Each structure stands twice: as structure tokens, then as C-alpha cells.
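Trainee: Got a structure here, written out as C-alpha cells. Questions coming.
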Amino acid sequence: MTEETIWRGTSSQLKNLGLFILAGLFCWLIVPIFIALTRYLQTKNNVFELTTERVKMTEGIFSKVTETLELYRVKDIEVRQPFIYRVLGLENIVVNTSDLSSPVILLEGIPTKIGLADKLRNQVEIIRAQKKVRELDIE
């Protein structure tokens, strides 16, 4: 079975709205424009990809770093919506994993209408059933 992409996208630029407004107000100082441009490029180049087997996170403007998480390692998915994100239609998805290199993954500023948390949860269940993997917590 080949791996297929379920969703691929970036965080919304609306999460930077406050910074963009401040940069616009203080644009006469020149430096805020470069700070806003840097934040814009960082957000634009932070790409999330959900496939049928893993979650891939690529970040970096000039040098790219890609982190991969196997879906059967996902322990818990938490959706957080601060007030301003609820108004803007965004959410943060916190993924707790059993992966030692990245125990917590934050997918920040994802549009709510995509339903990424539900897609992720469904795909985790499917891949666990296919690979016959069970989560076992020992304390």
C-alpha cells in the first residue's frame, strides 16, 4: 500500500495579526518591517503534512528541517482554542506522542474548518488497526 497525502498546509498568517498591526504602526522605524517579514516567512515555510502513515513537519526559510512522526506513536490529541483564535476560526492542535525525540508536537494556527484533529485521530486508529499496534502505559 502506498502512502497518500490526506492534508498538507501551513499555519494561518492570522496568528501573526498582532505583530503585523504593530509593524504597520511603527513602520517608520524600519526594523519592525523586517521583523514582520521574518515572521511571515517563518509561518509560510512551516509546512505540516498528514499522510496515511505519518505526520511530517518541515520548517526553515533557507535550510529546511523535516521531522517525521509515525502515526501509531500518537498517544493523545488535544485541541486548544484561545479566545482570539476562536474569533479568527483557528485552533492549536497538541499531539502527545511516545516518540522520545519529540514527545509533544504543536500544530499552531490551523483553520478550524479543516477538521485536522478529527482527520488525524481517524488516521491514527486506522494505522493502529493495520499494524496491530496497541498503546500500553506502564507506571
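Trainee: Multiplying the sequence separation of residue 42 and residue 26 by 0.36 nm and subtracting their Cα-Cα distance, what value in nm do you get?
Mentor: Length gained, residue 42 through residue 26: 3.7 nm.
Trainee: Could the peptides 85-94, 19-28 be put in order, highest first, of the mean number of other beta-carbon atoms found within 10 Å of their residues?
Mentor: 85-94, 19-28
Trainee: Show the residues, 5+ positions off or on another chain, whose built amide H is closer than 5 Å to the amide H of residue 7.
Mentor: Under 5 Å from the amide H of residue 7 lie the amide H atoms of 50, each far enough along the sequence or on another chain.
Trainee: Would you please give the FRET efficiency between residue 70 and residue 17, computed as 1/(1 + (r/R0)^6) with r the Cβ-Cβ distance and R0 = 35 Å, to the nearest 0.05?
Mentor: 0.55
Trainee: Once both labels are modelled 7 Å past Cα along the beta-carbon direction, what's the residue 130-residue 5 spacing in nm?
Mentor: Each label point is offset 7 Å from its Cα along the Cβ direction, giving 1.7 nm.
Trainee: Using a Förster distance of 41 angstrom, determine the FRET efficiency expected from the C-beta separation of residue 139 and residue 49, and round it to 0.05.
Mentor: The pair residue 139/residue 49 has a calculated efficiency of 0.75.
Trainee: For residue 109, what residues show an amide H to amide H distance below 5 Å, using hydrogens built from the backbone and excluding near sequence neighbours?
Mentor: Here 91, 92, 93 satisfy the definition.
Trainee: Calculate for the chain the 222 nm mean residue ellipticity that helices alone would give, adding -39,500 (n - 2.57) per DSSP H run of length 4 or more and normalising by residue count, nearest 500 deg cm²/dmol.
Mentor: Helices in the chain give a 222 nm mean residue ellipticity of -10000 deg cm²/dmol.
Trainee: A further question follows. Please give the FRET efficiency for residue 94 paired with residue 35, using the beta carbon to beta carbon distance and R0 = 22 Å, rounded to the nearest 0.05.
Mentor: 0.25
Trainee: Sort the range 94-139 into rounded, prolate or oblate with this rule: let a ≥ b ≥ c be the square roots of the eigenvalues of the Cα gyration tensor; rounded if a/c is under 1.5, and if a/c is not under 1.5, prolate when a/b is larger than b/c, oblate otherwise.
Mentor: Taking the square roots of the gyration eigenvalues as a ≥ b ≥ c, the range 94-139 is oblate.
Trainee: With the Cα gyration tensor of the range 52-93 giving a ≥ b ≥ c as the square roots of its eigenvalues, does the rule (a/c under 1.5 for rounded; else a/b larger than b/c for prolate; else oblate) give rounded, prolate or oblate?
Mentor: oblate
Trainee: To continue, here is another question. Can you tell which of 68, 43, 97 shows the greatest fluctuation in a Gaussian network model of the chain with Cα springs below 10 Å?
Mentor: Among 68, 43, 97, the largest mean-square fluctuation in the Gaussian network model of the chain belongs to 68.
No value in this document is a laboratory result; all are computed from the given coordinates. What you see is a predicted model, and the numbers here were worked out from it, not measured in a lab. Because the Cβ atoms are built from the backbone with ideal geometry, glycine has one as well, and the counts that use them run over all protein chains shown.
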